[in-house]
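Derivation of every value follows stated rules applied to the coordinates shown; laboratory data play no part. This one's a predicted model, so the numbers in the text were calculated from it and none came from an experiment. Cβ placement follows ideal geometry from the backbone for every residue including glycine, while neighbour counts extend to all protein chains displayed.
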Amino acid sequence: MCAATSLRTKLMGVAEPSAMASSLPWKRVLRKAAHACLPVVFASASLVLCMAPTSTLARARGGGRRIINHLLPDATLLPSDSQNSAPQTPPAEGSGSVAGTVLDASGGAVSGADVSLMHGDGTQLLAMLSGANGEFTFTKIPAGSYLVTVNAKGFTPFTSAEFAVAVQQAYEVPEVSLSIATANMEVTVRPPELIAAEQIRAEEKQRLVGVIPNFYTSYIYDAAPLGWKQKFSLAARSAFDPVAFIGVGFGAGIEQATNAYPGYGQGAAGYGKRYGATFLDGRSSDFLTNAFFPAILHQDPRYYYRGTGSVTSRVLHAVSSVFVTRSDSGRTVANSSYFLGDISAAALSNLYYPKTNRGANLVFTNAAVGLAGRVGMNLFREFLSKRLTTNVSGNGNL
């Protein structure tokens, strides 16, 4: 007991009087006793540390926590401040909603419409299709300014006024009413000359039984008027078509066989003169009646196929077309261009027919033959030509 008391006193830094008076041997005994007690002291301290609660160690202040860390280097310390340990929570999800019903002008529901919820700056947030009753609902909407756009086939696009949605607010979009879209008609206006040019190209493909030109029959009843250049172009195309030369040769052969215009004689020379006369008759008639006078008088040289009505009305239309025609402005006028052209062509024949056949009689005979031929051709055009013509470009007055 004395050794322990003396050791405790020495550790605490207090010297006892009795110890100071002791002899040197006694001091060596005390020193040995102290060395023997130190392991016991440290073992007791270690046991106390191990039995101490962790929370008690954690609540130790700065200096004490450093000592514990030194003693237990691998220990994981729990946070000591509630301020530093608070978890970071994500922003709250939107709690508002936007709903409405898409209706037409009569109040009927419009289903399948494209409905978009837009931010106030015009960017899209959500999109959906309206339901069977035209309804739509956007949920979990953050607070802010929005607008709704609606697009449906056959209706004019709809855009609502801008509105604000507050937290947990259920906003109802008022009056989502769609009006019928105005029909957009695109009309392309083209010059009549271009339309007429297209129609002429179609007419130039028309041939009886696929061979004989049928260029001057218009199966488009409201065809565009021809310009003067187009009238001359069509006349040249018809007059110098290869089939026309064959027709001239056939006509000259008939005259040769019947010895028409005996002044021409017979043989190759006689046939050549008849061929030339027939060719000039046809070419002069084509250019004078179909191009020259129609261009001067602004009249249309074509026959307009009707194709409808009674037989009598169609016969009257065919015959009257010899005496009346359309002007370039669309009015019905006397066919003076044909009569002037027919008589002029007959008068020119006095220049190349035999002298014995020249005179007024030749003029009026050729003019009458041309008139009768014109009537017969018009009747053929009205009742038979469409069936026999290839590449017909229209259906008449249907």
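Label positions at N259 and M377, each projected 7 Å from the Cα along the C-beta direction, are separated by 3.1 nm. Summing +1 for each Lys or Arg and -1 for each Asp or Glu among the other residues whose beta-carbon sits under 15 angstrom from that of Y275 gives +1. Amide H to amide H, with H built 1.01 Å from N, F138 comes under 5 Å of V98, A99, counting only residues 5 or more places away or on other chains. Remark: spin-label model distance A99-F240 equals 8.4 nm, labels positioned 7 Å along the Cα→Cβ axis. For region 192-390, DSSP calls about 80 percent of its internal beta bridges antiparallel.
For region 327-338, the Karplus equation 6.51 cos²θ - 1.76 cosθ + 1.60, evaluated at θ = phi - 60°, returns couplings of 7, 5, 8, x, 7, 8, 9, 4, 7, 5, 5, 6 Hz by residue, with Gly and Pro reported as x.
Taking amide hydrogens as placed 1.01 Å from N in the peptide plane, the amide H of T389 sits under 5 Å from those of V209, each at least 5 positions away in sequence or on another chain. Using the Cβ-Cβ distance between A360 and N397 with R0 set to 41 Å, the FRET efficiency works out to roughly 0.50. Karplus-derived 3J(HN,Hα) values for region 368-384, using 6.51 cos²θ - 1.76 cosθ + 1.60 with θ = phi - 60°, are 5, 4, x, 5, 5, x, 5, 4, x, 5, 5, 5, 4, 5, 6, 10, 10 Hz; glycine and proline are entered as x. Does anything in region 102-128 have its amide N under 16 Å from the 7 Å Cα→Cβ label point of Q169, and if so which residues? It comes to 118-121, nothing else. Summing Lys and Arg as +1 and Asp and Glu as -1 over all other residues whose Cβ lies under 14 Å from the Cβ of A346 gives a net charge of 0. Between L384 and T159, the distance separating the two model label sites (each 7 Å from Cα on the Cα→Cβ line) works out to 6.9 nm. A Förster distance of 30 Å, applied to the separation of the beta-carbon atoms of R201 and A268, puts the FRET efficiency at 0.15.
What is the packing order of peptides 204-211, 335-342, 319-326, taking the mean over residues of other C-beta atoms within 10 Å and listing the highest first?
335-342, 319-326, 204-211
Here's how it looks for T308: its modeled amide H is under 5 Å from those of N397, which are all 5 or more places away or on a different chain.
Residues with beta-carbon under 12 Å from that of N391, excluding N391: net charge, scoring Lys, Arg +1 and Asp, Glu -1?
My count for the surroundings of N391 gives +2.
Subtracting the Cα-Cα distance of L126 and R331 from 0.36 nm times their residue separation leaves 67.5 nm of extension gain. Note that region 298-310 has calculated 3J(HN,Hα) couplings of 6, 10, 8, x, 8, 9, 9, 5, 8, x, 9, x, 6 Hz, one per residue in order, obtained from phi through the Karplus relation 6.51 cos²θ - 1.76 cosθ + 1.60 (θ = phi - 60°); glycine and proline are x.
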